[in-house]
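Have a look at the structure below before the remarks.
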Amino acid sequence: MENMKHETLLLSQEQISSLITMKEVVEIVDKTFVGFGEGTTINPTKVNLDLGETAEYPPYHGFMNAMPAYIGWEDIAGIKWAGGFLGKRREMGLPYVTAMILLIDPHIGEFKAAMDGALITNLRTGAQAAVASKYMHPGKEITMGLYGAGMQGHMQTMAFAELFDIKEMRVYDISKAAAEKFKEDMKDYVKGDIIVCDDPKDASVGDIIVCFTQSKDKYIKNDWIKPGQIVFPMGSYTECEDELLLKADKIIVDHIGQCLHRGALHDVVEDGKLDESGIYATIGEVAVGAKPVTDAANERIVCIPIGTGAMDIAVAGIVYKRALDKGLGGTYSFV
């Protein structure tokens, strides 16, 4: 992975899209989860800069995260600087996610690449729940419930379709038009029927329940979820009722330090109702068999892959290598 000119490779989103597929991202995410379990993926807790997402000041309705990582199986290191903005950014018609990724040679610290991080963020976020499900759900066929028919609803479905045959998918979105568009967009990925639900409860009946919304209403109720279901609250907020989190048979996360302070578990941890002892395992530990899931058919499992920089750096490392091989991207000498 040497750039002999000692220049930094610059890659746009369009160039990245020509170098990677969802199928490949699923494989990369899988290897990186295994690296977490083996201890060869190094991923400090992300640092959050609140720019008005929840804070009163400054009033920009967004946040940015600094997310460094080292990927042992690729021998690459880097950092993603990424976030999401509503407010003025949404008014301008810009995508919610904004991100850049920097890669370094971990031997000498030379900056190898600077690239768009938004597409990689969307792809790897889509892949995480599907890969985790591979280690928890017995069998190739699944039924799914999906909350949120936006970009991530599409990405989640594409990723699950790589690993499972989706016999039925029920989708709920506060915008029925978005849900209907999703149904048309995803018909080639879902082998069975896609059912647009008018009532959110009606989407809660699948083997796998994926939630990816901006809601803070804790709309997934404890009494909706039965043994044999795996719930993935993927949003940045608290989509699940506290009772579901506290009464789940197993809580599995991608990164304990991050998941205790952001996303689905934030409120129950802040209120002192849950701590690290209430988490059964990380996805990496499940993937390498250190803490297997052997009775998913009889358990209610909540799995929270809140997102780690390691997944972005792993995907970016493969993109970088392919760009060099194909002669894509510009270069710049910063020194």
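Since every read-out is calculated from the coordinates, none of them should be taken as a lab result. If you're wondering where the values come from, they're calculated on a predicted model, not measured in any experiment. Please note: Cβ atoms are built from the backbone with ideal geometry, for glycine as well, and neighbour counts cover all protein chains shown.
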Over the range 128-304, how many percent of alpha carbon pairs lie in each 5 Å bin up to the one with the longest distance? 1, 9, 19, 23, 21, 15, 8, 3, 0, 0
Quote the Stokes-Einstein diffusion coefficient, in whole µm² s⁻¹, for the range 6-56, based on the Kirkwood radius over alpha carbon pairs, a temperature of 37 °C and a viscosity of 0.692 mPa s. 224
Charges at C-beta only: +1 for Lys and Arg, -1 for Asp and Glu. How large is the resulting dipole of the chain about its Cα centre, in Debye rounded to 20? 420
Tilt of helix 176-185 relative to the longest C-alpha principal axis of the chain, in degrees (0 to 90, nearest 10)? 60
Rounded, prolate or oblate: which fits the range 76-139, taking a ≥ b ≥ c as square roots of the Cα gyration tensor eigenvalues, rounded meaning a/c under 1.5, else prolate when a/b beats b/c? oblate
Label point at residue 176 placed 7 Å out along Cα→Cβ; residues across the range 198-230 whose backbone nitrogen lies under 18 Å: 198-204
Contour excess over end-to-end distance, with Cα ends at residue 17 and residue 108 and 0.36 nm allotted per residue: 29.9 nm
Exposed loop sites here are trypsin sites (Lys or Arg not before Pro) in DSSP loop states with at most 15 other C-beta atoms within 10 Å. What is the longest stretch of the chain lacking them? 6-139
Take the Cα of residue 55, step 7 Å along the line toward its Cβ, and report every residue of the range 252-278 whose backbone nitrogen sits under 18 Å from that point. 261-263
Restricting the calculation to Cα positions, tell me the Rg (one decimal) and the Dmax (whole number) of the chain in Å. 19.4, 60
Which length gain, in nm to one decimal place, applies between residue 332 and residue 199 when the Cα-Cα distance is subtracted from 0.36 nm times their residue separation? 42.6 nm
Which residue, chosen from 284, 268, 233, occupies the Cα position most advanced towards the positive end of the dipole of the range 128-304, where the dipole is computed from +1 (Lys, Arg) and -1 (Asp, Glu) charges on Cβ about the Cα centre? 284
Ordered by number, the GluC sites (Glu not before Pro) in the range 8-57 that occupy a DSSP loop and have at most 12 other Cβ atoms within 10 Å are 56
Each label point is 7 Å from the Cα along the Cα-to-Cβ direction; what then is the distance between the points at residue 247 and residue 322, in nm? 4.6
Relative contact order (percent, whole number), the chain, Cα cutoff 8 Å, 6+ residue spacing: 22
Cα-based helix-to-principal-axis angle, 151-163 vs the chain, degrees rounded to 10: 90
Helix axis angle, 309-326 relative to the chain longest principal axis, alpha carbon, degrees: 50
For the chain, what is the mean residue ellipticity at 222 nm derived from helices alone (per DSSP H run of n ≥ 4: -39500 (n - 2.57); sum divided by total residues; nearest 500 deg cm²/dmol)? -9000 deg cm²/dmol
Provide the per-residue ³J(HN,Hα) series for the range 205-210, in order, calculated from phi with Karplus coefficients 6.51, -1.76, 1.60 and θ = phi - 60°, each as a whole number of Hz, with x at glycine and proline positions. 9, x, 4, 10, 10, 10
Could you list which residues have their amide H under 5 Å from that of residue 135, counting only those 5 or more apart in sequence or on another chain, with H placed in the peptide plane? none
Flagged links, alpha-carbon separation over 27 Å, of 31/176; 140/176; 201/247; 191/226; 23/216: 31/176; 140/176; 23/216
If I take R0 = 35 Å and measure r between the Cβ atoms of residue 184 and residue 270 in this structure, what FRET efficiency does the formula 1/(1 + (r/R0)^6) give, to the nearest 0.05? 0.30
